[in-house]
Amino acid sequence: MKRHTHLLAATACALTVALTAGACTASDNAVSGGGATGSAGPDGPAIDGGTLKVGLDRPFTKLDPADGTLTSMPMMILANALYDPLMVNGDNGVVKPYLAQAFTSDADATGWTLKLREGVKFSDGKPLDAQAVVDHVKRLAKPESTCTCAADAATIATLEANGPATVDFTLKAPNAAFPSLFTRSLGYVSQAPTGAAPAVGSGPYTVESVQPGVSVTVARNPAYWGAKGHADKIVYKVLPDSDSRYQSLRSGDADLIWTETPAQLKQAGGAGLRTATGPGSTSTVLLNTKAAPFDDPRVRRALQYAVDREAVEKVVYLGQGQVSNGPIGSASPYRAAGASGYPAHDPAKARALLADAGHSDLSFEYLVDNRPESQQRATTLQQMFAEAGVKMTIKPVDTASLNTAMFQRKFQVLDFVTSMFGDTDTALNSLFTADSPYNFTGYGSPGASRAIGAGRAEPDAAKRGTSYGKAADAVVRDAPMLFLTENPAGFLATAEVGGLPDVSRRTVISVSPATLWVKK
Amino acid sequence: MTSRILGAAAPPARAAAVLLLVMLAALTLPHLMPGSPALAALGPTATPEQVTAYEAQLGLDENVLSATWRWLGAALHGDLGQSLSTGTPVTTELADRIPVTLELFVAAQLVALCIAVPVALLSAWRPGGPVDRIATAGAFVWLAVPGFVLGLLLIWIAAVQLRVLPATGWTPFTEDPAGNLRHLVLPALTLGLTEAAVFTRTLRGQLLDTLDQTYISAARSRGMGTARLMLRRALRPSSLPLVTLIGIGVGTSLGGSVLVETLFGVPGVGSLAAGSINARDFPVIQAVTVVSAAAVVAATLAVDLLYRKLDPRIAHGHR
């Protein structure tokens, strides 16, 4: 949440921004598990048994995929224990089948056929078949589920079980990225929860006990269809404060924690900890294009020129991230397609543009949450804007207020860190099409909208890339959003933890706890 | 006589008025929020049906007075509504959390008293002496240290370096009393050490006043030893302000416990409040606000009445 938030997670991917990032597609490498990217040596053979202690960065609410919190990026290590997603995010933005065997479309990406693995059962022994998938999607689409994925489900015109292992979908409009909707809430197939009991899934672990607000303990599911989890039990502890969560890892109270805090990532090597991170979040600045003076593209472009992205990266992320060049992330399969022409730092040009627009004395309020790295970013930007003659007033608010201001578009300029750019289609469609509820900047460009729509409807990957590239170029040129840095997010673990997967090429960090073991 | 009766009735009447006002403010909150609380909580993709269902649950489909009346009626029957995040009855959530916060509060008061009483006695015994100067300087420095810094420092020393106590987490007393105490130590120290500084300053000042009284001089002239004099004659009458401080602490402990409970992962009312605010879980926010206000009002009232009992001059208006 983080960056502020995790807001709606589920949608086509959600946002989650968060200060933590969050949320966009599901996960993982539930099966692979390679070496960690951190400092420790080879893991050696896997060790079965013992209890793994995981520190969560936010409280879990209902143990039900209908709740977007559970399928936000930092929480998927819990969701992946209890539920199997139909599709998962692999390296470089690829979406691949997991509980599904295949997910194929007709020529115009309107009709889709999902083939399920056969013989999979829920942990209560009931079959997880095509009808179970249909029931699950329909349950989450109902208003009383309050799932933010209801909007995704609403893009489906009809769905029906066609035999025990086949589900046919007909969409209201072509969507070549449709399978990516099944990497989060819609894809974590489960039975409806009854009362306070968790929703029943088919994951490698089942819930043993819940201490509300404190922890949830899960035990290995003996009837799991796939590779069994290594640890006998996993205890997930709710540790919302990032500093004490890190200290819990160092003291041995936790074996593995989620982090996006640059200083902790930097310290981790010296403290003998292991890291598994990927470019999971992107820092940006939202400009409200619906209100003066940011309705003038010259003013927005001036701010683009005023920002030295390399400096922001060095100051805030301590050289561990990289600059962001636009809405297509560096790990995206469509990266080559466009948006390489992001303006270089040039305060003189910024001043000239502002003078041209009649805003030589520009001043504005910058809404930002109160995390240390957010404040640091705000202060750095304030100095850069001052160099261009722009006066920026920093207004720190709590995360919930920041999100409210963002959704209600009651801001001038807003600090926004998101995991949405982990999936190019989701990011472009959500953030930059005129009628999207996530279009926080109010940006509207017929050309960009056409290019985004063409990309979504195009099954051919190369052609899609070309369309997305055109859209990205338009977004960078029109500058409704300033792109700053791509930031590492992911896990820190003690040296006793084995099986940490390499997630360095993943924009969505989702790890199955079944691949991890504890050497004790 | 009339004024005496009114004087005795005034505190409870004030308490009831304060409670009523807090309750109205808490229940009016979603009505006053700019924009739609339903959209803020559910996000802009919420369908009209989702918004309608949410607003009905919050009482936004009726006016403030009837919503308040309905809430009050249900509350009197023990129904504070349901959490929007978890679907659990709010009374269940509170019943789980209140004992934890109470335990933390009591432990913190014990820590504060165990430090404040001896230090204040030593300070007041020789005002301006080395102990007094160190205690005074220490108290000012201590008061300036924010709770989360102190908490992290304690975690670093006790959990990371010495590994003698857990850094975070909680074990219910009923499950494992020893584990419960181990998890209690650091959060109780964090809250209690800060309060100890306030307690020390207050008690020292009061002790100095008391030691100026003629009956102390009389006792001293009769040859009563210093230790006996301080403990038997000076400490008890000087402790009255501590009662007030502990009463006020019931209120401030909630504010302080939001931070400390979040830092240490303690499942009390403070962490419930923090989580509910982040999730825009209005029924829980409202219940926590009203219940906390009731606790503060009750504690203040108890202190007020206790004072009258301990010092009849107050009841008679003679100060």
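Here are the numbers:
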item: Cα long-axis angle, helix A:130-141 against chain A (0 to 90 degrees, to the nearest 10); result: 40
item: Per-residue average of Cβ from other chains inside 10 Å of B:47-55; result: 3
item: Extension gain (nm, one decimal) between B:GLN57 and B:LEU21, 0.36 nm per residue minus Cα-Cα; result: 10.7 nm
item: Karplus-derived 3J(HN,Hα), 6.51/-1.76/1.60, for each residue of segment A:492-503, Hz, glycine and proline x; result: 10, 9, 6, 5, 7, 8, x, x, 5, x, 7, 10
item: For A:GLU208, residues with placed amide H under 5 Å, excluding near neighbours; result: A:THR217, A:VAL218, A:ALA219
item: Förster-model FRET efficiency, 45 Å R0, A:GLU310 and B:ALA137, C-beta, rounded to 0.05; result: 0.45
item: Nearest-ten-degree value, helix A:242-251 long axis tilted from longest Cα axis of chain A; result: 50
item: Above-threshold pairs, the threshold being 24 Å between Cα atoms, out of A:LYS96/A:LYS463; A:LYS142/A:LYS290; A:LYS237/A:LYS314; result: A:LYS142/A:LYS290; A:LYS237/A:LYS314
item: Under 5 Å, built H, 5+ apart or other chain: amide partners of A:THR485; result: A:SER283, A:SER324
item: Principal-axis tilt of helix B:48-58 within chain B, Cα atoms, nearest 10 degrees; result: 40
item: Additional length obtainable on full extension of the chain from B:ALA74 to B:ARG14, 0.36 nm per residue less Cα span; result: 19.2 nm
item: Environment charge of A:ALA434, counting only residues whose C-beta is closer than 12 Å and scoring Lys/Arg +1, Asp/Glu -1; result: +1
item: Gap separating the Cα centres of segment A:360-386 and segment B:218-253, nearest whole Å; result: 52
item: Theoretical ellipticity at 222 nm over the protein assembly as shown - DSSP helices of four or more residues, -39500 (n - 2.57) apiece, nearest 500; result: -14000 deg cm²/dmol
item: Antiparallel DSSP beta bridges within the protein assembly as shown, as percent of all bridges there, nearest 5; result: 75
item: Given charges at Cβ of Lys, Arg, Asp, Glu: the protein assembly as shown dipole, positive-most of A:ALA263, B:ALA13, B:VAL131; result: B:VAL131
item: Nitroxide proxy distance, nm - points 7 Å out along Cα→Cβ at B:ASP176 and A:LYS410; result: 4.7
item: FRET efficiency, 1/(1 + (r/R0)^6) with R0 45 Å, evaluated for A:GLN101 and A:ARG298 via beta carbons; result: 0.30
item: Nonlocal amide H pairs with A:ASP369, under 5 Å, H built at 1.01 Å; result: A:VAL397
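Values in this text are rule-based calculations from the coordinates and carry no lab data. These numbers come from a predicted model, not from an experiment. We place every Cβ from the backbone using ideal geometry, glycine too, and count neighbours over all the protein chains shown.
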